[in-house]
Amino acid sequence: MAYAAGGGDPAGPRRSPLPIVVGTDGSPRAGLAVEWAAEEAGRTGRPLHVLHAIERWPCDMPFHPAPGLAESRTESGARILAEAVDLALKARPDIEVTTDLVEETPAEALRQAALGAYEIVIGNRGLGGLMALLLGSTGLKVAGHAPGPVIIVRGEPVETHGEVVVGVDRSGESALALRYAFDAARIRGVWLRAVHVWETSLAEIDGAYPAAIREAAASAANLLVGAVTPWRDRYPEVRVLEQAVAGHPVGELVERSAHADLLVVGVRSNCGGRHGLHLGSVSHGVIHHALCPVAVVRARP
């Protein structure tokens, strides 16, 4: 099932831009994700596509069907989608909204949707199924496998802080995160804070020679400048703060997320994990503990 509501195609009649796709299960946290995605669609001039997945249960199998269960779940899904559309258009009445009710595992439904999406948006916890996150298995699978950016809407709805934070490391994926972060800051008209954390312990600092500490700090600062400079040139209108600090990446990024509108991290393509969940330790840590929405940026195939 799909239908449209709201305004026309902001890109004109020739070609529609890729949509913002948001998953919902009707829970309050899913509602926050829908509202965030609607605002994102409005500020980027993209349509919003709302997805609800109905996973097949054993009782749906022909050997022991439950009379009326499939119809009931379909009706419930249609109601959830209709409520999400109302919520989205209340937040941004100027956007185009479409919906889809699919019979698929939630993670696979979102992964497939990501192939034709600008980004995927999910909440950080829900009723189960599509939005079972803190982060549950579904959320981890989506963040760990879906191509392109996946935004986990964490934190409470508060006034904006006027800043996007991006984590920068030595990996090639930092370029993807920086590109997304610069674009997000440009669209919002806010500051971008680029943070590189060089890992060390207090014991190592206490036992090191001052010259060694200065050398490590200078190396970290040079790495950050080298990573950010090409993007400064491409986005001259974006105001940038650069911070190279000693500490643990997760702790430092989470601390700065308290004063950010969005935290952006890249995902290393060769990261493994239990059950094939491809998230590095830093991205895994911040999506569990950040105090603002988190964008996990992965390369597209």
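The values are calculated or read from the model by the stated rules, or taken from the named source; none is laboratory data. In this text the structure is predicted, and so the values were computed from the model without any measurement.
Out of curiosity, is R56 of a type in the set (K, R), modelled with pLDDT under 90, on the phi < 0 side of the Ramachandran plot and part of a loop (DSSP other than H, G, I, E, B)?
yes
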| Unmet criterion (only one of (1) assigned to a helix (DSSP H, G or I); (2) more than 30 Å from T229 (Cα to Cα); (3) at pLDDT 85 or above) for E104 | (1)
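Let's see how each residue does on (1) modelled with pLDDT of 95 or more; (2) of a type in the set (S, T, Y); (3) within 18 Å of S281 (Cα to Cα):
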{"position": "G148", "(1), (2), (3)": "no, no, no"}
{"position": "I152", "(1), (2), (3)": "no, no, yes"}
{"position": "E156", "(1), (2), (3)": "no, no, no"}
{"position": "T160", "(1), (2), (3)": "no, yes, no"}
{"position": "A175", "(1), (2), (3)": "no, no, no"}
{"position": "L178", "(1), (2), (3)": "yes, no, no"}
{"position": "V190", "(1), (2), (3)": "yes, no, no"}
| query | Out of all the residues in the stretch 141-160, is one or more among the small types (G, A, S), within 23 Å of R239 (Cα to Cα) and outside any helix (DSSP H, G or I)? | reply | no
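What about I205, is it at pLDDT 95 or above, of a type in the set (A, V, I, L, M, F, W, C) and more than 14 Å from the chain's Cα centre (by Cα)? Steps first, answer last, please.
On the way: at pLDDT 95 or above: no; of a type in the set (A, V, I, L, M, F, W, C): yes; more than 14 Å from the chain's Cα centre (by Cα): yes.
It is false that I205 is at pLDDT 95 or above, of a type in the set (A, V, I, L, M, F, W, C) and more than 14 Å from the chain's Cα centre (by Cα).
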